[in-house]
Each structure stands twice: as C-alpha cells, then as structure tokens.
Amino acid sequence: DTEVTQTPKHLVMGMTNKKSLKCEQHMGHRAMYWYKQKAKKPPELMFVYSYEKLSINESVPSRFSPECPNSSLLNLHLHALQPEDSALYLCASTPVSGDSTDTQYFGPGTRLTVL
Amino acid sequence: GQNIDQPTEMTATEGAIVQINCTYQTSGFNGLFWYQQHAGEAPTFLSYNVLDGLEEKGRFSSFLSRSKGYSYLLLKELQMKDSASYLCAVGAVYGQNFVFGPGTRLSVLP
C-alpha cells in the first residue's frame with residue numbers, strides 16, 4: 001500500500017462552521033505534513049508531525065489546528081475560517097523522521113471552499 | 001532565507017524535448033526534488049538529486065549543479081499527458097524544511 005488517502009475530497013463550509021480534514025497512510029511513515037495550495041501556486045508548508053509530535057508550525061493562524069492521533073492518522077481541524085482560506089489542502093508523508101532527503105508521498109487533497 | 005526560481009510557463013510540441021530550469025538560493029541544502037502536478041491533482045515524485053550530475057529515469061532526466069545552485073528537468077519524446085505543472089523543491093539541511101519553487105506550467109501541443 002503506497003497510498004496516502006484524504007477525506008473529504010471536497011468541502012464547503014461557512015465562516016462559523018467547525019469541520020475537520022482527515023489524512024491516512026499505512027506505509028509506516030513516521031512524518032506527516034499539511035500543505036495549503038492556492039490556484040496556480042506551489043504548495044505551502046503548514047505543519048509537520050514527526051513521530052506523532054508537532055515539529056514545525058509555519059506561523060499558521062490558530063483557526064487551523066492539527067492533530068496526530070497515531071502514526072497513521074493526521075487531522076486538520078478548522079474553525080472560523082475566512083474566504084481566503086479556500087484552497088487545496090494536501091497531506092503528505094515521508095518514510096523516516098521527516099528529514100528532507102525523504103521523498104514525500106502526497107494524498108489527492110481536499111478542495112476547501114469557505115463561503 | 002529560501003529563494004527558488006523557475007520559468008512560469010513553457011510550451012513545446014509533442015515528440016520534442018524540453019528543459020525546465022530551476023535556480024535556488026537556500027540557507028541549507030539537502031537535495032533537490034522534481035514533482036509533476038496535473039491540474040487539481042496532488043504532486044507526484046519524479047526525481048531526486050543530492051550530488052552533482054545527471055540522473056536519468058526513462059523519458060525524464062534531472063541535472064544538478066550545487067556550486068551554481070542550478071537544476072534542470074529534461075523531458076524527452078513529449079506526450080500530451082506531460083502537460084502539467086513541474087515543481088522543483090529543495091530540502092534544507094536544518095529542520096524539516098521542504099520548500100517548493102513556483103512551478104512551471106508546461107503545455108504540450110500536437
């Protein structure tokens with residue numbers, strides 16, 4: 001199994017809603033990542049979890065709250081988002097400890113629209 | 001700081017060869033990656049260079065010169081399905097920083 005899965009594929013939410021994005025991998029990877037990607041722009045790193053501990057937070061607003069319940073799962077909790085947060089949210093994982101020599105495997109992404 | 005540069009758009013003809021350049025200036029360097037991304041889809045890994053030289057993988061080759069902060073991706077025998085964005089990304093030595101360049105949108109025409 002060399003797949004990273006993400007649910008849902010599409011999400012539309014209002015600014016007062018609370019929702020969560022889910023990412024799962026069963027490759028035994030020990031580092032997992034959240035990226036945000038706007039149209040025609042490269043992915044921007046948001047968070048890195050290494051061995052289920054948050055190791056990098058790229059100054060992301062607190063309305064985004066990551067959670068890593070175990071080594072296979074990564075969640076991104078969303079609350080009080082703004083329309084400019086509408087984007088493709090990508091999850092990725094790497095085999096070892098998140099060292100940048102590891103190839104990142106990406107999930108298909110969640111297309112988020114905030115109304 | 002991190003600065004990675006790529007041409008914004010390129011156009012080429014089916015069956016031709018195209019070279020996509022990437023220049024970088026980063027505070028650390030632990031390898032350069034190339035990813036392909038079709039519109040609305042996730043990036044998929046193409047190649048990884050950490051030493052100078054050319055890495056060949058089928059129709060795709062990637063070159064790295066660390067002293068020049070320069071890499072290119074060479075695509076041969078272009079096919080219509082190669083129309084996509086091509087992202088170079090640099091892994092920094094410190095921490096787990098992994099920074100993408102702006103991407104090059106390649107259009108392959110018949």
Over the range A:4-40, the set of residues of a type outside the set (S, T, N, Q) and out of contact with any strand residue (DSSP E or B) (no Cβ under 7 Å at 6 or more places or on another chain) is A:GLY14, A:HIS26, A:GLY28, A:ALA39, A:LYS40
Next on the checklist: Whether any residue in the range B:1-8 is under 11 Å from the mean Cα position of the chain (by Cα) and not in a strand (DSSP E or B) is what I want to check.
Outcome noted: yes
| query | Is one or more of the residues making up the range B:40-61 buried (at least 20 other Cβ atoms within 10 Å of the Cβ) and either closer than 21 Å to A:TRP34 by Cβ or of a type in the set (Asp, Glu) (or both)? | reply | yes
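Only residues that are more than 9 Å from chain A (Cβ to nearest Cβ), surrounded by 17 or more Cβ atoms within 10 Å (Cβ to Cβ) and part of a loop (DSSP other than H, G, I, E, B): list them for the range B:23-35, please.
B:THR26, B:PHE29
For a quick check of your reading: which strands (runs of 3 or more DSSP E) sit entirely within the range B:51-110 and have at least 3 residues that are within 14 Å of chain A (Cβ to nearest Cβ)?
B:84-91, B:98-100, B:104-109
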By residue number, the members of the range B:1-39 that are of a type in the set (S, T, N, Q), over 23 Å from B:LYS57 (Cβ atoms) and in contact with a Gly (Cβ under 7 Å, 6 or more places away or on another chain) are B:GLN25, B:SER27
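Residues are listed down the side, and each one gets a yes or a no for (1) of a type outside the set (A, V, I, L, M, F, W, C); (2) surrounded by fewer than 13 Cβ atoms within 10 Å (Cβ to Cβ):
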| residue | (1), (2) |
| --- | --- |
| B:THR8 | yes, yes |
| B:VAL18 | no, no |
| B:ASN21 | yes, no |
| B:GLN37 | yes, no |
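Which of the strands (runs of 3 or more DSSP E) contained wholly in the range A:29-115 include at least 2 residues that are within 13 Å of another protein chain (Cβ to nearest Cβ) and modelled with pLDDT under 95? Reasoning before the result, please.
Details: elements: A:31-37, A:44-50, A:53-57, A:64-70, A:73-79, A:87-94, A:110-114.
In the range A:29-115, A:31-37, A:44-50, A:53-57, A:87-94 are the strands (runs of 3 or more DSSP E) which contain 2 or more residues that are within 13 Å of another protein chain (Cβ to nearest Cβ) and modelled with pLDDT under 95.
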**Request:** Kindly indicate whether any position in the range A:55-71 is over 17 Å from B:PHE100 (Cα atoms), buried (at least 18 other Cβ atoms within 10 Å of the Cβ) and touching a Ser or Thr at 6+ places or on another chain (Cβ under 8 Å).
**Result:** no
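The values are calculated or read from the model by the stated rules, or taken from the named source; none is laboratory data. Note that the coordinates shown come from a computational prediction; the quantities given were computed from them, not determined experimentally. Note that each Cβ is placed from the backbone with ideal geometry, even for glycine, and that neighbours are counted across all protein chains shown.
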